[in-house]
Amino acid sequence: MSDHYELVFSTFLHDDTPASVLAALRWHTGMDDNVKNPEGLDPDDHPYPLLLPGQSRLPGGDIASLHRSVLEFTSSGTRYEWELFVRIYWVDDLTLHLDALLELIAPHVAERGYGGYIRDVHDTEVKPFKFHDGTYDPVEI
């Protein structure tokens, strides 16, 4: 019997996030299905797209979004960041790859603090992802 989880990423990434990281996120979310394995990803840590929406049993369904957003207009110009929002239904086997995903995005998170969570679908307690200084706090599942 498998455990099932609700996985949420809700964070902004710096506008200068490397193209290779953005390509990896597009691949993971199914936004770019023309790529087999993005360059620079360890196939042991990223064996296949891990953030694909679709097979949800969550109310409201799955969603995966990555796009460049205007955050503010300043006297020196417009400030952009990459908005990453993912909410998907995960089986316990995928949790083995959670650290790899967190390591992929952590160096590029624009604001310290909350960046999403993981929650057993039969539980009320969430385990938040907290980002700071290019890293993240470990999450025990």
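Could you work out the local net charge near Leu58, counting Lys and Arg as +1, Asp and Glu as -1, over the other residues with Cβ closer than 15 Å to its Cβ?
Every neighbour counted, the sum reads -2.
Note down the magnitude of the dipole of the chain about its Cα centre, charges +1 on Lys and Arg C-beta and -1 on Asp and Glu C-beta and zero elsewhere, to the nearest 20 debye.
Computed charge dipole of the chain: roughly 480 debye.
Around Glu6, with a cut-off of 10 angstrom between Cβ atoms, what is the net charge of the other residues, counting Lys and Arg +1 and Asp and Glu -1?
0
Counting heavy atoms of the protein chains only and a 1.4 Å probe, report the per residue accessible area for the chain as a whole number of Å².
57
Answer with one residue from Pro47, Ile88, Pro59: the one whose Cα lies farthest towards the positive end of the charge dipole of the chain, charges on Cβ with Lys, Arg +1 and Asp, Glu -1.
Projecting each Cα onto the dipole axis, the largest value belongs to Pro59.
Accessible area of the chain with a 1.4 Å probe: how many percent of it is carbon plus sulfur?
Whole-percent figure for carbon plus sulfur exposure: 47.
Per the helix-only calculation at 222 nm, which mean residue ellipticity applies to the chain, given -39500 (n - 2.57) for every DSSP H run of n ≥ 4 and division by its residues, nearest 500 deg cm²/dmol?
-3500 deg cm²/dmol
Whose amide H sits under 5 Å from the amide H of Asp15, counting only residues 5 or more places off or on another chain, with H placed in the peptide plane?
Residues meeting the criterion, in which the H sits 1.01 Å from N, are Trp82.
On C-alpha positions alone, give me the angle between the axis of helix 19-28 and the longest principal axis of the chain, in degrees, nearest 10.
On a 0 to 90 degree scale, this one is about 30.
Going by average Cβ density within 10 Å per residue, which order do the peptides 89-96, 18-25, 132-139, 73-80 take, highest to lowest?
18-25, 89-96, 132-139, 73-80
What is the chain by shape, rounded, prolate or oblate, if you read a ≥ b ≥ c off the alpha carbon gyration tensor as root eigenvalues and call it rounded for a/c under 1.5, prolate for a/b larger than b/c, and oblate otherwise?
Verdict is prolate for the chain.
So, counting K/R as plus one and D/E as minus one, what does the shell of residues with Cβ under 13 Å around Trp82 add up to?
My count for the surroundings of Trp82 gives -2.
Projecting each Cα onto the charge dipole of the chain (Lys/Arg +1, Asp/Glu -1 at the beta carbon, about the Cα centre), which of Ala24, Ile141, Thr78 comes out farthest on the positive side?
Among Ala24, Ile141, Thr78, the one farthest towards the positive end of the dipole of the chain is Thr78.
The values are calculated or read from the model by the stated rules, or taken from the named source; none is laboratory data. The structure presented is a predicted model; accordingly, all values stated were derived computationally and were not measured. Backbone-built Cβ (ideal geometry, glycine too); neighbour counts: all protein chains shown. SASA here: full protein model, heavy atoms, side chains in, ligands and nucleic acids out. Shrake-Rupley method; radii C 1.70, N 1.55, O 1.52, S 1.80 Å.
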